[in-house]
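Engineer: Please find one structure pasted underneath; my questions will follow.
Derivation of every value follows stated rules applied to the coordinates shown; laboratory data play no part. Only a predicted model underlies this, so the values are computations on that prediction, with no experimental measurement involved. Heads up, the Cβs are rebuilt from the backbone with ideal geometry, glycines too, and the neighbour counts pull from every protein chain shown.
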Amino acid sequence: MAEVITYRDAVARGLAQELRRDPTVHFIGEDVAAAGGVFKATKGLLEEFGPERVRDTPISEEAILGAAMGAAMTGLRPVAEIMFSDFLATCWDLVAVEIPKTRYMTDGQISLPLVIRTANGGGLRFGAQHSQAVENWAMSIPGLKVVAPSNPRDVIGLLAAAIRDPDPVVFFEQKSLYPTKGEVPDGEIVEELGVASTLRSGRDLTIVALASMVPRAVAAAEELDTLGISAEVIDLRTLVPLDVTTVVESVKRTSRLITVEENPRLCGWGAEIVSIVGEECFWHLDGPLTRVTTPHIPLPSADALEDEFLPSVSRIVEAAQKVLL
Amino acid sequence: MSTTQIPEPTRELSAQEQRQLDLYRQVVRIRRFEERAYRLFMEGLVKGTSHLSLGMEAIAAGFGEAMRADDYTFCTYRGHAHTLARGTPMEGVMGELLGRASGVCGGKGGSMHLTSVEHGAMGSYAIIGAHLPIANGAAWSAQVRGSGQVAVCFFGDGTTNIGAFHEALNLAKVWNLPVVFVCENNLYMEYTAIGDVTAVEHPAADRASAYGLESIIVDGNDPDAVYEVAATAIERARSGGGPSLIEAKTYRHGGHSRADPGTYRPDDEVARWLARDPVVTYRQRLLDGGVQPALLEEIEDRAQADVDAATEVARAAPPPQLQAAYTNVWADGGSSWRK
C-alpha cells in the first residue's frame, strides 16, 4: 500500500520515523515544537515525542547549532532546524568552521552525527534574504555532507539516512516544494547518501538537476521528447557524497550535459559537475557543457521577476536545443 | 598525570593539605610546560603561534582539581593549561605543539586545538565564543542521559562582547544546563584593554544578572579560591541547580601570543601583577602553612623532569605521514567526497 503525501508532511514523517527508532535522536529549533514549524513541516512531533525530545529554542542560531554539536560529540544524534537557509550565515562559524573540522583536527577523537535541516531556495516571493539557494555554500566545505531531496519519498529516506549517518549532514528542504505531492510506500524508508537517481532515460543529452529543479528538468525532458530530443534526467539528491559515477556514465552515453541549478551562477554546484565531466568525459563529448542557473543576482521579490529569473522549463528546453545544434 | 611520589611526611597530611599539594603540583607543571613551550617556540621547534597561560595557571588547576574524571572541559586556543589540568599526558601535548605524529591530534590540530577526549578535554576552540554554545550541547546531552556530568567552559574577557556568549548564557539558563562558564579576565583581549571597549566594569560578572545568574568574581591567581568557587559551581550544576558564570581576575605574564611582546601594558601594572604570581605566592602560602620545603621541591623537580622527558619524546617523534592529511575527514576514516 502506498500513500500520496506532501513534501511538507514527509518531513514530519521522516523525523517521526527516526525519533521512534532511536531514543538518542532529539530535534530542536525555532518554533519547531509547539508551533509545528513555520512551514508546518514538523506538526505533531511535540505531541508524540514530548518536550524533551522536540524542543523549542530561542532565536539564537549559534546556540542551536552549538547545542547540536556538543550533544552530538557526547552521545546524542541531534537534528537542528535553521528556519531559513539564509540564516546559516548567522551561525556560519558553527556550520563551516567548527562542525566540519572537528573530527579532522582531533584526528578522529570526536564524531559529530548531527543533521542541520533548513528551508532553502526561492519561489515564494520572500525577497533576497529569505530565498537563497545556498547548497553550494555547504558543498564547498570539506567535512560536510550535503543533501537536497526533490520529492516526498526522498525526504523521508534521505532524512533517515542523514540522521543515521555518523557525519554531519546539511539537509536542504526546498521550500517551494513543501506543498508538492508524491507517492511513498508504507513502512520504514531509508535511502543511501551519495546515490543519484536516473528518473528518465535518454539518448541525446543528460540533464542533471537537484531539488526544485528536478520537476522542471523532467517537464523539460517531456517537452523535448515532443521535439524529437531524447533527454536523460538525473536527480543528484546529494551533493556530498557526489555520485560522479552515475553522471559520468550517463554523459559517456549521451555525449552532452546540461546542469540545472537554482543557486546563482558563480561557483554553483553545476560548475563542479561540468568540471568533472570536462576532465573525465572530454573525448566522449559532442556539445558544449552547459549550465542553466539563476543569474548572478540577489533574487528579487516581485513574482514577475522571480518567475523570470529562476531556471524555468522553457530555459532548459532552449538550452538543450542549443547544445544539440 | 604526574606520578610524583611525595616524600613520607612527618605527620599525616589533612585532606586540605593534600589538595593544596595537588593544586601546587598542577600550577607548577603548567608553569614549567609553558616556559618550555615558549623556549621551543624561540628555537623554531614550535611553529605557527602559541598562546601561553603563564601567570594564569591557578584557574585551570583549581577547576581541574574540582572536576570529576568524566566531566567535560571546553577551552580556547589558550588551552595548554586546561588540557594538561585534566591529566592529558605531557608527551602528547608537546608532540602536538611540535607538529609530530605523536601529538594528541596526530599533528593535525596544533597548539590551538589540543583535544584529549579520553581525559574529558573536549577540544580547544580558536574562534572567539564558538565553544560556549558547544559546551551547552555537551551539558544538554549529560542532562538528557542523566549522567551527572558537568561541562566547564573557559574563555577570555574578549569573548564577553561576542554574540555567542549571550546566546549561550541565555539558553543555558532557560534549559537549566549543568554547565559552568569561566571567564579568565586577564584585562586584555588581544592588544586592547577590555575596559576600553566594554560597557561594564566586570565584563562577565556584570552581565550575569541579564541571564538570571549570580554575579561571581574570584581571584584567579589564588588556587584555593578558584578551587572553592569551582567546587561550589560544579556541585550546583551536578545536582540540577543549573549554570554558573564565574569571572576570574588574572593577568598574563606575556603578550597575547608569541608575536606580541605586550608593550602596551603600563610597567607598574605589570609589576603589580608579577608580585601576585600564582606559583610564587601559592608556594609561600604552603610554606607559611607549615608544608615542608622538601615536599614542594620534590614537586618542582618532578615537574621539570616530566617536561624534559616530554620534550625529548616529542623531539624524537617523526612528523605525521603525508597520508595522514587524507584521514579522518569522515567517520569512515577517509576523505573521499565522490562515489
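Engineer: Skipping prolines and chain starts, which residues have an amide H placed within reach, meaning under 5 Å, of the one on residue A:239, given they are 5 or more residues away or on another chain?
Structural biologist: A:146, A:147, A:148
Engineer: Another question, then. Would you calculate the convex hull of the Cα atoms in the range A:188-305 and tell me its volume per residue in Å³?
Structural biologist: Residue-normalised Cα hull volume stands at 134 Å³.
Engineer: Further, regarding this structure: Classify the range B:92-196 as rounded, prolate or oblate from the Cα gyration tensor: take a ≥ b ≥ c as the square roots of its eigenvalues, call it rounded if a/c is under 1.5, otherwise prolate when a/b beats b/c and oblate if not.
Structural biologist: Numbers: a/c = 2.72, a/b = 1.14, b/c = 2.39.
Verdict is oblate for the range B:92-196.
Engineer: Can you give the average number of partner chain beta-carbon atoms within 10 Å of each beta-carbon in peptide A:234-240, as a whole number?
Structural biologist: Counting other chains' Cβ atoms within 10 Å and averaging over A:234-240 gives 1.
Engineer: Moving on. Just to confirm a number: summing +1 for Lys and Arg and -1 for Asp and Glu over residues other than residue B:110 whose beta-carbon lies under 15 angstrom from that of residue B:110, what do you get?
Structural biologist: Numbers: positive: A:101, B:47, B:78, B:100, B:108, B:258; negative: A:107, B:96.
Within the 15 Å Cβ shell, the charges total +4.
Engineer: Using θ = phi - 60° and the Karplus relation 6.51 cos²θ - 1.76 cosθ + 1.60, list the HN-Hα couplings for the range A:75-82 in order, rounded to whole Hz, with x at every Gly or Pro.
Structural biologist: x, 9, 10, x, 10, 10, 9, 9
Engineer: Would you please give the residues with an amide H less than 5 Å from that of residue B:177, counting only those at least 5 places away or on a separate chain, with H modeled from the backbone geometry?
Structural biologist: none
Engineer: So which trypsin sites (Lys or Arg not before Pro) in the range A:228-284 end up in coil per DSSP with only 15 or fewer other C-beta atoms within 10 Å?
Structural biologist: Passing both the DSSP loop test and the Cβ count: A:265.
Engineer: Counting DSSP beta bridges with both partners in the range A:186-307, what percentage is antiparallel, nearest 5?
Structural biologist: Percent antiparallel among DSSP bridges in the range A:186-307 is about 20.
Engineer: Would you mind working out the magnitude of the charge dipole of the protein assembly as shown relative to its Cα centre, with +1 at each Lys and Arg C-beta and -1 at each Asp and Glu C-beta, to the nearest 20 Debye? Don't skip to the answer; put the middle values down first.
Structural biologist: Numbers: 60 positive and 88 negative charges, 153 e Å.
Dipole size: approximately 740 debye.
Engineer: Counting only DSSP beta bridges with both residues in chain A, tell me the antiparallel percent, nearest 5.
Structural biologist: On the way: 10 of 45 bridges.
Looking only at bridges with both residues in chain A, the antiparallel portion is about 20 percent.
Engineer: Quickly rank B:325-331, A:278-284 as a protection proxy: mean count of other C-beta atoms within 10 Å, highest first.
Structural biologist: Result, highest mean first: B:325-331, A:278-284.
Engineer: Right, next: Check residue A:32: other-chain or 5+ apart residues with amide H under 5 Å from its amide H, H built from backbone geometry?
Structural biologist: A:37, A:57
Engineer: Tell me the net charge near residue B:163. Cut-off is 14 Å between Cβ atoms, residue B:163 excluded, with +1 for each Lys or Arg and -1 for each Asp or Glu.
Structural biologist: Result for the neighbourhood of residue B:163: -3.
Engineer: Hey, if you drop one equal point scatterer on each alpha-carbon of the range B:133-192 and run the Debye formula without solvent, what base-10 log of I(q)/I(0) do you get at q = 0.13, 0.21 Å⁻¹?
Structural biologist: -0.36, -0.77
Engineer: Provide the convex hull volume over Cα atoms per residue for the range A:133-251, in Å³. All intermediate terms of the calculation are to be shown ahead of the outcome.
Structural biologist: Details: hull volume 13.1 nm³, N = 119.
So the per-residue hull volume is 110 Å³.
Engineer: Sort largest first and round to whole Å: the equivalent ellipsoid semi-axes of chain A, each the square root of five times a Cα gyration tensor eigenvalue.
Structural biologist: The equivalent ellipsoid of chain A has semi-axes of 33, 21, 19 Å.
Engineer: Placing +1 at every Lys and Arg Cβ and -1 at every Asp and Glu Cβ, with all other atoms neutral, what dipole size does the range A:96-220 have around its Cα centre, in debye to the nearest 20?
Structural biologist: Here the range A:96-220 has a charge dipole of around 420 debye.
Engineer: When chain B is modelled as a GNM with alpha-carbon springs shorter than 10 Å, which of B:250, B:192, B:160 fluctuates the most?
Structural biologist: Evaluated over chain B, the most mobile residue of the options is B:192.
Engineer: Over 10 Å intervals from 0, what percent of Cα-Cα pairs in the range B:231-339 sits in each interval?
Structural biologist: All Cα pairs, binned at 10 Å, distribute as 10, 16, 23, 30, 17, 5, 1 percent.
Engineer: With a 10 Å cut-off between alpha carbons and a GNM built on chain A, which of A:121, A:36, A:187 moves the most?
Structural biologist: A:187
Engineer: I've got another one for you. Springs between alpha-carbon pairs under 10 angstrom, Gaussian network model over chain B: which of B:197, B:229, B:28 fluctuates most?
Structural biologist: Highest fluctuation of the listed residues: B:197.
Engineer: Moving to a separate point now. Which percent, to the nearest 5, of DSSP beta bridges fully inside the protein assembly as shown are antiparallel?
Structural biologist: 15 percent
Engineer: Whole Å is fine, so just give me how far the alpha carbon centre of the range A:140-175 lies from that of the range B:283-312.
Structural biologist: If we compute the Cα centre of each part, the gap is 55 Å.
Engineer: A further question follows. When only alpha-carbon atoms count, how far does the range A:111-156 stretch along each of its three principal axes, as whole angstroms with the largest first?
Structural biologist: 39, 26, 14 Å, listed from the longest principal axis down.
Engineer: Same structure, new question: Expressed in whole Å with the largest first, what are the equivalent ellipsoid semi-axes of chain B derived from the C-alpha gyration tensor as the square root of 5 times each eigenvalue?
Structural biologist: In descending order the semi-axes read 27, 27, 22 Å.
Engineer: Going toward the positive end of the dipole of the range B:15-314, with +1 on Lys and Arg Cβ and -1 on Asp and Glu Cβ, which of B:291, B:163, B:64 do you reach last?
Structural biologist: Of B:291, B:163, B:64, it is B:163.
Engineer: Could you pull the Rg and Dmax for the range A:26-148, using just the Cα atoms, both in Å?
Structural biologist: 14.5, 45
Engineer: Next up: Which entries of A:181/B:339; A:101/B:47; A:40/B:173; A:101/B:339; A:101/B:249 have Cα-Cα distances beyond 25 Å here?
Structural biologist: Those over the limit are A:181/B:339; A:40/B:173; A:101/B:249.
Engineer: Which semi-axis lengths, in whole Å and largest first, follow from the square roots of five times the eigenvalues of the Cα gyration tensor of the protein assembly as shown? Mind dumping the intermediate values first?
Structural biologist: Details: eigenvalues 564, 136, 91 Å².
The three semi-axes for the protein assembly as shown are 53, 26, 21 Å.
Engineer: Among A:219, B:223, B:114, whose Cα lies farthest out toward the positive end of the dipole of the protein assembly as shown, if unit charges sit on the beta carbon of Lys, Arg (+1) and Asp, Glu (-1)?
Structural biologist: Farthest towards the positive end: A:219.
Engineer: If you average the alpha carbon positions of the range B:165-237 and of the range B:18-51, how far apart do those two centres end up, in angstrom?
Structural biologist: About 25 Å separates the Cα centre of the range B:165-237 from the one of the range B:18-51.
Engineer: At what distance in angstrom do the alpha carbon centres of the range A:61-89 and the range A:204-233 lie from each other?
Structural biologist: Here the answer is 36 Å between Cα centres.
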